[in-house]
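S.K.: There's a structure below that I have some questions on.
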Amino acid sequence: MAESMKGLHRTHRCAELSAANVGETVTIMGWVQKNRNKGGLVFVDVRDRSGIIQVVFEEGKSEASLIEKAAKLRAEYVVAVVGKVERRSGAVNDNLATGEIEIIPQQLRVLSESETPPFPIEENSKTKEEVRLKYRYLDLRRPDLQRNLMMRSKVATLTRQFLAEEGFLEIETPILIGSTPEGARDYLVPSRIHQGHFYALPQSPQLFKQLLMCSGYDRYFQIAKCFRDEDLRADRQPEFTQIDMELSFVDVDDVIDVNERLLAKIFKEVLGIEVSLPIPRMTWQEAMDRYGSDKPDTRFGMELNNVTEVVKDCEFVVFKNAIENGGTVRGINAKGQGEMPRKKIDKLVSFAKDYGAKGLAYIAIQGDGTVKSSFSKFMTEDEMKALIEAMGGGNGDLLLFAADKNKVVWDVLGALRLELARQMDLLDKSEYKFLWITEFPLLEWSEEQNRFTAMHHPFTMPMEEDLQYIDSDPGRVRAKAYDITLNGNEIGGGSVRIFNPEIQSKMFEVLGFTPEQAQEQFGFLLTAFKYGVPPHAGLAYGLDRLVMLMAKQDSIRDVIAFPKVKDASDLMTEAPTRVDQKQLDELGLSVVTDEE
């Protein structure tokens, strides 16, 4: 039977107690982790978000009625205990923060009883994620998840403090906005008052933060909820959180400087890790050439080698065709993997095909120097020797090659490099390698839409020296855009924005917008730009991803309190749900169901 808390006040969280509290009478409250009844001696572990403490009910020290009551406690009962802190009579438990002490109780109240939970509340749960997410309120009691969410809270608090000290103002932007068809799909919200009209949920506060710069607020930030109706991907969420900022009267270096100091503060205060500043920078072109990725993991080497020149005269048709079609031949050297069994190499070939490769050529150099290769019969001995030399190949190495258009080669070898690093156990989660990627292409060609699209968004400033190519060679124009990456993940990105109306009009023109379409979609911003707009730039972090990496987790679901699953549904509340006809009628909507 549940009892009342009346007259009791918690004095400490469980793990806030230590040997320094010996002799004090304290009141703790929490959940029963486990109960061990030794007959006349009952050990009860009480847990709250701070950790666990042992409460010992013992004949001669506690009343018989109290021992009897303690013996009936079950896992997840909520209890309040008043008692005296003493040094442990038994062995010290080094695995517990409170391992030197225990509480000898004078009072025990059962505040709430619990049914047997559907899975044990323990760290590193082996229970299926579907079950845990259905009972997420129980899952969130697990100490590892609680640590993750407390870390997330600390990151948000430190960010607010740091940015406030740097002169940023926290300003909220609206959640119900107009739809902008560029980018990912919007979530739409029907309007009851304006039937047939819809709001959209923001994919980011981009336009509003630029307007705040027009309004003279100088430095803005927000920990902002954003929404994207994206196709199913394992580690994407339909709603996510950004640390969003915008600054006036700045250029690239100013934005990078303030963000480096922010990251250094967060990592020092939360993880005790010194981030050495300045963080290295690499242009997009160099990152693609060296790592095949615009978010390279630099915790290990295995860089790409462009061997197009070395093989350009060989008779191997795969290499020859790729080069003739304007592509390249590049390779990576997996050191020490020369003895890899053929079966495993075949698996790498099919892995490469998933990334668009037609195949994968290889040279396996055995420990004794014997060469096995999938294409040696098409090469002369000298050509083979020159190729191995160009790749830095030695005894025991495995050389893998892709030949195709640059984009395909980069995608294939970039992914293959990471897959091999996983297989070779080269990824150390306790190492944090930051890198800025700068000078992104302003535009990328979309085969699907048969036009150039903005690599970031239509408001990104081109590099001044490249403006001359905007009509003649748009693909050559670099942007004043920058991403901050960590261990092969993009954790944030931003750019200097266009504040010159002529350049903005030209950008819309290159993207295929008519002046009317530009006005229709972004009219309010373009009008605002007629009234004195400062040079401005910004950046946004994915808070979920940043905390995931800091907490050494593999999924952002482990750092979000109530995440959705892969199909964007919530297993606990069963959202999205159907709504009743009355609501649909009020909105002037009817639902068309697909015929079975």
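The values are calculated or read from the model by the stated rules, or taken from the named source; none is laboratory data. This is a predicted model, so every value here is computed, not measured. Positions of Cβ are generated from backbone atoms using ideal geometry, with glycine treated the same way; all protein chains shown enter the neighbour counts. We work out accessible area using only protein heavy atoms, side chains counted, and drop any ligands, DNA or RNA first. Shrake-Rupley method; radii C 1.70, N 1.55, O 1.52, S 1.80 Å.
S.K.: Among the residues of region 431-466, which ones are within 21 Å of the chain's Cα centre (by Cα) and open to solvent by 70 Å² or more (accessible area, probe 1.4 Å)?
M.R.: Residue satisfying the conditions is LYS433 alone.
S.K.: Do we find that GLY326 is within 22 Å of GLY369 (Cβ to Cβ), open to solvent by 20 Å² or more (accessible area, probe 1.4 Å) and either in contact (Cβ under 8 Å) with a residue 40 or more places away in the chain or touching a Pro at 6+ places or on another chain (Cβ under 9 Å) (or both) in this structure?
M.R.: Answer is no for this residue.
S.K.: ALA71 is checked against (1) more than 39 Å from the chain's Cα centre (by Cα); (2) open to solvent by less than 70 Å² (accessible area, probe 1.4 Å); (3) touching a residue at least 40 places away in the same chain (Cβ under 8 Å) and fails just one. What number does that condition carry?
M.R.: Going through the list (1) more than 39 Å from the chain's Cα centre (by Cα); (2) open to solvent by less than 70 Å² (accessible area, probe 1.4 Å); (3) touching a residue at least 40 places away in the same chain (Cβ under 8 Å), ALA71 breaks only (3).
S.K.: Further, regarding this structure: Among the residues of region 424-437, is any closer than 23 Å to ILE279 by Cα, aliphatic (A, V, I, L, M) and not in a strand (DSSP E or B)? Give the steps one after another, and end with the answer.
M.R.: Keep residues of region 424-437 that are closer than 23 Å to ILE279 by Cα, which gives 426-437.
Subsequent filtering for residues that are aliphatic (A, V, I, L, M) retains 426-427, 435, 437.
So of that shortlist, the ones also not in a strand (DSSP E or B) come out as 426-427.
Within region 424-437 (the criterion being closer than 23 Å to ILE279 by Cα, aliphatic (A, V, I, L, M) and not in a strand (DSSP E or B)), the answer is yes, since at least one residue qualifies.
S.K.: How many residues are open to solvent by 20 Å² or more (accessible area, probe 1.4 Å) and within 17 Å of MET288 (Cβ to Cβ) when one looks only at region 329-344?
M.R.: Here the count works out to 0.
S.K.: If we scan region 174-185, do we find a residue that is under 23 Å from the mean Cα position of the chain (by Cα) and on the phi > 0 side of the Ramachandran plot?
M.R.: Yes, some residue in region 174-185 is under 23 Å from the mean Cα position of the chain (by Cα) and on the phi > 0 side of the Ramachandran plot.
S.K.: Could you check region 139-152 and list, in sequence order, the residues that are open to solvent by 20 Å² or more (accessible area, probe 1.4 Å) and either in contact with a Phe, Trp or Tyr (Cβ under 8 Å, 6 or more places away or on another chain) or not acidic (Asp, Glu) (or both)?
M.R.: Passing the criteria: LEU140, ARG141, PRO143, GLN146, ARG147, LEU149, MET150, MET151, ARG152.
S.K.: Turning to a different aspect of this structure: Among the residues of region 444-462, which ones are more than 14 Å from GLN521 (Cβ to Cβ) and outside any loop (DSSP other than H, G, I, E, B)?
M.R.: The answer is GLU444, TRP445, SER446, ARG451, PHE452, THR453, THR460, PRO462.
S.K.: Tell me which residues, restricted to region 37-65, are at pLDDT below 95 and not in a loop (DSSP other than H, G, I, E, B). Steps first, please.
M.R.: The initial filter retains those residues of region 37-65 that are at pLDDT below 95, namely 37-41, 58-65.
Within region 37-65, ASN37, LEU41, GLU58, GLU59, SER62, ALA64, SER65 qualify.
S.K.: Hey, can you tell me all the residues within region 527-568 that are assigned to a helix (DSSP H, G or I), of a type in the set (A, V, I, L, M) and either within 33 Å of the chain's Cα centre (by Cα) or buried (at least 18 other Cβ atoms within 10 Å of the Cβ) (or both)?
M.R.: LEU543, LEU546, VAL547, MET548, LEU549, MET550, ILE556, VAL559, listed by residue number.
S.K.: I need the full set of residues from region 124-138 which are open to solvent by 50 Å² or more (accessible area, probe 1.4 Å) and of a type in the set (A, V, I, L, M, F, W, C), in order please.
M.R.: Hit for region 124-138 is VAL131, nothing else.
S.K.: When you check GLY512 against the structure, is it at positive phi and modelled with pLDDT of 90 or more, yes or no?
M.R.: Working: at positive phi: yes; modelled with pLDDT of 90 or more: no.
Answer is no for this residue.
S.K.: Moving on to the next point. So, in region 153-175, how many residues would count as being open to solvent by 40 Å² or more (accessible area, probe 1.4 Å) and either of a type in the set (Phe, Trp, Tyr) or in a helix (DSSP H, G or I) (or both)?
M.R.: 7
S.K.: Name the single residue, out of those in region 495-526 being within 24 Å of GLN468 (Cβ to Cβ) and acidic (Asp, Glu), that is nearest to the chain's Cα centre (by Cα).
M.R.: GLU509
S.K.: May I ask you to verify whether ASP244 is open to solvent by 30 Å² or more (accessible area, probe 1.4 Å) and of a type outside the set (A, V, I, L, M, F, W, C)?
M.R.: So ASP244 does not fit the description; no.
S.K.: Out of curiosity, is PHE351 touching a residue at least 40 places away in the same chain (Cβ under 8 Å), of a type outside the set (A, V, I, L, M) and open to solvent by less than 20 Å² (accessible area, probe 1.4 Å)?
M.R.: On the way: touching a residue at least 40 places away in the same chain (Cβ under 8 Å): yes; of a type outside the set (A, V, I, L, M): yes; open to solvent by less than 20 Å² (accessible area, probe 1.4 Å): no.
Answer is no for this residue.
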